[in-house]
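See structure below.
The values are calculated or read from the model by the stated rules, or taken from the named source; none is laboratory data. Note that this is a predicted model, so its numbers are computed, not measured. Reconstructed Cβ throughout: ideal geometry from the backbone, glycine too, with neighbour counts over all protein chains shown. Note: areas computed on protein heavy atoms with side chains; ligands, DNA, RNA excluded. Shrake-Rupley method; radii C 1.70, N 1.55, O 1.52, S 1.80 Å.
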Amino acid sequence: MNDMSIITNTLGRFANNMRLYGEAFLRYRGLVEVDREEAIHNLDRAFEQNLEGFHTLYDVSQGVFDFHVHADTSLLIAIRNAIHHRNHPLFHSLLQTLWLDEEPERLLGAEYLMARHRTLGGNPPPMMHLIKLEDIYSRLDPRYGSIYMNQMGKATSLARFIAMEDAFAFEKIHAKALKDHYPMKQVYLDLMPIFNSAVSKVFTALDMAGVPFQGFDANAYKSTFIEELKTDLQHYDFFGLRMNAMQVELGPRFTIQQASTKRGCTYEKVMADE
């Protein structure tokens with residue numbers, strides 16, 4: 001088996017993972033009505049399988065694409081590694097935090113700030129996978145002084161993290177949280193647009209290198225990611241999710257997408273300048 005066929009086969013399995021995640025997302029609404037734990041775990045584990053598939057693609061295609069040069073691909077590799085080793089309490093999804101980690105009633109009155117990117121065409125993905133922004137700092141930023149810091153490559157980790165921080169313009173999330181008085185433990189980043197951006201870069205590079213996209217799933221996702229899901233990583237839409245009595249009563253069947261309200265964006269100046 002030559003290198004190109006290895007990449008092609010891995011690409012097909014990764015595309016299959018993404019389809020299974022989409023199916024878990026579609027099943028969530030019906031399943032959460034009867035078993036919230038299973039519905040949330042199914043969705044979160046399916047996203048983690050996406051990260052595993054992405055990491056396997058990284059393993060076999062590093063000669064074609066440098067994953068560590070780009071902030072989005074590098075962050076996905078770092079989060080996958082952290083989840084894979086699981087020697088820390090980081091990177092629980094917001095769904096798990098709200099509905100499984102403790103009694104939701106204890107969170108009454110709390111509001112969560114969520115930051116997510118748009119595609120260059122202006123459309124955010126329908127799925128969301130929200131992780132605490134503070135967890136990224138705890139795992140990757142040596143200035144944070146966290147006991148959960150990744151010890152591998154520590155000598156160069158600060159420079160790499162600062163480059164990542166700038167690439168994602170995290171200071172805009174911090175400024176919003178400070179202005180609107182959100183505790184950092186209640187500030188979340190949506191990984192789905194970042195995931196889509198990373199996959200778009202990788203698929204584009206593989207296609208340009210002549211890697212065949214074989215099988216229904218790989219071909220179905222090829223044009224979508226290459227042509228439609230390029231993402232503006234420098235700007236954010238902000239949403240707030242308040243844990244009020246109605247939200248607690250309805251539970252996770254009242255989804256984050258339904259329950260959240262707009263809290264501004266950083267695109268306004270960009271649109272005004274156009």
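List of remarks:
- Counted charge near residue 229, where neighbours are those whose Cβ lies closer than 12 Å (Asp, Glu -1; Lys, Arg +1): 0
- Measuring against 32 Å, Cα to Cα, the residue pairs 185/222; 154/176; 154/222 contain 185/222; 154/222 as the ones spanning a longer distance.
- Signed unit charges on C-beta, dipole axis of the chain, positive-most listed residue 163, 22, 12: 163
- For the chain, calculated [θ]222 nm from helices alone, where every DSSP H run of n ≥ 4 adds -39500 (n - 2.57): -17000 deg cm²/dmol
- Each other residue within a Cβ distance under 12 Å of residue 158 adds +1 if Lys or Arg and -1 if Asp or Glu, for a net charge of +1.
- Cα lying deepest toward the dipole's positive end in segment 82-143, options 88, 119, 107, charges on Cβ: 119
- Only Lys, Arg, Asp and Glu carry charge here, each on its Cβ (+1 for the first two, -1 for the last two); on that basis segment 84-166 has a dipole of about 420 debye about its Cα centre.
- Which listed pairs, of 201/262; 132/201; 179/262, have C-alpha distances above 19 Å, in listed order: 201/262; 132/201
- Over 22 Å [Cα-Cα, the chain], rounded percent: 58 percent
- Cα gyration tensor, segment 28-99 - rounded (a/c under 1.5), prolate or oblate: prolate
- Of the residues 265, 142, 54, the one whose Cα sits farthest toward the positive end of the charge dipole of the chain, with +1 on the Cβ of Lys and Arg and -1 on the Cβ of Asp and Glu, is 142.
- Inter-part distance where segment 137-208 and segment 225-267 are each reduced to a Cα centre, Å: 18 Å
- With every protein chain in place, the chain: carbon and sulfur % of accessible area (1.4 Å): 54 percent
- Annotation: per residue accessible area for the chain equals 48 Å², rounded to a whole number [probe 1.4 Å, protein chains only].
- Simple Cβ-charge dipole of the chain, Lys/Arg +1 and Asp/Glu -1, about Cα centre, in debye nearest 20: 240 debye
- Overall form of segment 96-175 per C-alpha gyration tensor (a/c, 1.5; a/b vs b/c): oblate
- Alpha-carbon radius of gyration plus Dmax, which is the widest Cα pair, for segment 205-271 in Å: 19.0, 55
- Segment 8-161 shape via C-alpha gyration tensor axes, a/c threshold 1.5: oblate
- Charge tally for residue 144 (other residues, Cβ to Cβ under 13 Å; Lys, Arg +1; Asp, Glu -1): 0.
- Cα-based convex hull volume of segment 1-58 per residue, rounded to whole Å³: 55 Å³
- Distribution of pairwise C-alpha distances over segment 161-272, 10 Å bins, in %: 11, 31, 29, 21, 6, 0
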